[in-house]
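Down below is the structure, laid out as structure tokens.
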Amino acid sequence: MKNDCLFCAIAAGEIPSSKVYEDELCYAFYDIAPQAPTHFLVIPKEHIGSVAEVNDANSGVVAHIFEVIAKVAGELGLESYRVVSNIGEQAGQSVHHLHFHVLSGRDMTWPPG
Ligand code: AMP
């Protein structure tokens, strides 16, 4: 757990969140400022700063997170959804702990803004 990391604190239950799913490796919770009718985030419990810090030693949790996304989306009945991870300031990353947005329930445009 990294000091002063909002999502480390959320994964540890120190800051309240609206839980969607949890296991020993990851935590999923609804976004506080939803950008679609369904918008939740999936994060690893271990601190990884972003996709840019994924490597041979920690990539297993990323594969696991995608399994979780498929499972939770299925359980929520999502038939179409978008998975997004922003890396760095220009791409819009505001929290520096790896997270995957799962957005669903409205028409989406491409390319994203
Ligand atoms: P990003 O801007 O891609 O780094 O995504 C960070 C996301 O975290 C944003 O969509 C925020 O709305 C969301 N967020 C920030 N604080 C919280 C919180 N306390 N609980 C749930 N979501 C949050």
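Worth a mention:
- Among all positions in the stretch 85-103, there is no residue which is assigned to a helix (DSSP H, G or I) and within 16 Å of the ligand (Cβ to nearest atom).
- Taken as a whole, the condition of being open to solvent by less than 60 Å² (accessible area, probe 1.4 Å), in contact with a His (Cβ under 6 Å, 6 or more places away or on another chain) and either without any contact (Cβ under 8 Å) to a residue 12 or more places away in the chain or farther than 16 Å from Glu22 by Cβ (or both) applies to Val84.
- All positions within the stretch 104-113 that are touching a residue at least 40 places away in the same chain (Cβ under 8 Å) and within 15 Å of the ligand (Cβ to nearest atom): Ser104
- Of note, Ala57 does not satisfy the criterion of being open to solvent by 50 Å² or more (accessible area, probe 1.4 Å), more than 12 Å from the ligand (Cβ to nearest atom) and either within 14 Å of the chain's Cα centre (by Cα) or closer than 19 Å to Leu6 by Cα (or both).
- Residue selected from the stretch 9-24 under the condition surrounded by 14 or more Cβ atoms within 10 Å (Cβ to Cβ) and more than 12 Å from the ligand (Cβ to nearest atom), by the criterion nearest to Glu75 (Cα to Cα): Tyr21
- Pairs where the first residue, in the stretch 1-24, is free of Cβ contacts under 8 Å to residues at least 24 places away in the same chain and the second is in a helix (DSSP H, G or I), C-beta under 6 Å, 6+ apart: Ile15/Ala9; Ser17/Ile10
- Among residues of the stretch 27-39 that are open to solvent by 50 Å² or more (accessible area, probe 1.4 Å), those with a Cβ under 8 angstrom from a residue that is part of a strand (DSSP E or B), sequence gap 6+ or separate chain, pair up as Tyr30/Val20; Tyr30/His39; Tyr30/Phe40; Tyr30/Leu41; Gln35/His101; Gln35/Leu103; Pro37/Ser104.
- Ile48, sole failed condition from (1) within 20 Å of Leu6 (Cα to Cα); (2) in contact with a Lys or Arg (Cβ under 9 Å, 6 or more places away or on another chain): (2)
- Residue within the stretch 68-81 that is over 18 Å from Gly105 (Cβ atoms) and either among the hydrophobic types (A, V, I, L, M, F, W, C) or part of a strand (DSSP E or B) (or both) present: yes
- From the list Ala63, Ala52, the lone residue that is closer than 17 Å to Ile87 by Cα, open to solvent by 30 Å² or more (accessible area, probe 1.4 Å) and in a helix (DSSP H, G or I) is Ala52.
The values are calculated or read from the model by the stated rules, or taken from the named source; none is laboratory data. If you're wondering where the values come from, they're calculated on a predicted model, not measured in any experiment. FYI the Cβ positions are ideal-geometry reconstructions off the backbone, even for glycines, and counts take in every protein chain you see. Side chains included, ligands, DNA and RNA excluded: accessible areas come from the protein's heavy atoms. Shrake-Rupley method; radii C 1.70, N 1.55, O 1.52, S 1.80 Å.
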